[in-house]
Amino acid sequence: MATDASVQPDARRRSIKALLARHPLVSFFGMAYALSWTTWMPLVLSQDGAGLLSYGWPLGLYAHVAIASFVGPFLSAFIMKGIIEGREGVGRLVRRIVLWRVGFGWYLFAFIGIPAIMVLSMIFLPGVFASFQGLAIVIFLPFQGPAPLSPLSLLALFVIVFFLGGPLGEEPGWRGFALPRLQRRYGPLVGSLILAPLWAFWHLPVFWVPAWNYPPTILNIVMFVIASIALTIVLTWVFNNTKGSVFIAVLVHATFDLYLAILNGLFRAPLVNDYGSNVPVLIGFGALAVVVVTLTRGRLGYQRYCKEVPDLATAPT
């Protein structure tokens, strides 16, 4: 009897692992959503969120985003890697997270190209120049409070966004685990078009948190999804051309988040600040996504990824 009792839990665990391994993408996204949304609920339901319950929540939005990103896509990626590929798979994911030897040009793209695209997308909007607030704006540094816009404060804010703002928690899941499998099964372009709305809707609960600055209207949600499609295509192109470097994906994501916050402070034009800043993102990264898809004929550098990382490109999904 004791032997039977000990065998049953082991058999149950093996059957659960086998089920997860048979459906890795569904399992990953289901796990990432469940863990992250559960983490967000106390804030979303509080008076600092949708106000459905009569309590204030001590942790702010950005602390919740950081926690949810590590509890959700980050942890889910490592769990699924361990189930499917064992320790070797987990080790490969870790090596891609710290893969920084990718060519100097991609660092220029992250630190200069991304800000340039965002600035150019802003200045073509009506009323932007008249709404310029000047360079003496004050930015908010978590754990420190308001600080003047300066190179030192920008560096500090970038470090905070990189490690605690969400990108480092999100990208090992979206780009590290999901994207390679989606590309193998559907191709780089269609795979990106599948990943983008799943990435976008992961953020859905925080639309009901006023500090998120994305009012939960149908128009804002649709625009957010379309903007996510454009950014996902660009990130896929970067990922494929950097040997599957999750590190560079985190870098691009963090730079994007940083400059979006800064430009929202510098310019107060309605088309910049309304609609959760989706309009300038759609203009700049929408144009870049179209150029990248056209020039690569929809391959988004995947042939280089297959050449540089053949074991990952041809592994079973």
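The values are calculated or read from the model by the stated rules, or taken from the named source; none is laboratory data. Source: prediction; values computed, not measured. Glycine gets a Cβ as well: all are built from the backbone with ideal geometry, and neighbour counts include every protein chain shown.
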Quick one: in region 215-257, of everything that is touching a residue at least 60 places away in the same chain (Cβ under 8 Å) and of a type in the set (Phe, Trp, Tyr), which residue is farthest from Phe163 (Cα to Cα)?
Trp237
What number of residues within region 100-134 satisfy the criterion of being touching a Gly at 6+ places or on another chain (Cβ under 8 Å) and modelled with pLDDT of 95 or more?
0
Output the residues belonging to region 156-215 that are over 20 Å from Phe78 (Cα atoms) and not in a helix (DSSP H, G or I).
Gly187, His203, Val209, Asn213, Tyr214, Pro215
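In region 51-81, which residues are under 22 Å from Trp199 (Cα atoms), surrounded by fewer than 21 Cβ atoms within 10 Å (Cβ to Cβ) and small (Gly, Ala, Ser)?
Pass one, region 51-81, residues under 22 Å from Trp199 (Cα atoms): 60-81.
Next, only the ones that are surrounded by fewer than 21 Cβ atoms within 10 Å (Cβ to Cβ) stay: 60-63, 67, 70-71, 75, 78-79.
The answer is Gly60, Ala63.
Determine whether region 253-262 contains at least one residue that is touching a strand residue (DSSP E or B) at 6+ places or on another chain (Cβ under 8 Å) and assigned to a helix (DSSP H, G or I). Please lay out each step first, then the result.
Taking region 253-262 and keeping what is touching a strand residue (DSSP E or B) at 6+ places or on another chain (Cβ under 8 Å), we get 261-262.
Next, only the ones that are assigned to a helix (DSSP H, G or I) stay: 261-262.
Within region 253-262, one or more residues are touching a strand residue (DSSP E or B) at 6+ places or on another chain (Cβ under 8 Å) and assigned to a helix (DSSP H, G or I).
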Here are some residues: Met122, Met118. Which one is in contact with a Pro (Cβ under 6 Å, 6 or more places away or on another chain), among the hydrophobic types (A, V, I, L, M, F, W, C), at negative phi and in contact (Cβ under 8 Å) with a residue 12 or more places away in the chain?
Met122
What are the residues in region 282-317 that are modelled with pLDDT of 95 or more, surrounded by 13 or more Cβ atoms within 10 Å (Cβ to Cβ) and of a type in the set (Lys, Arg), if any?
Arg299
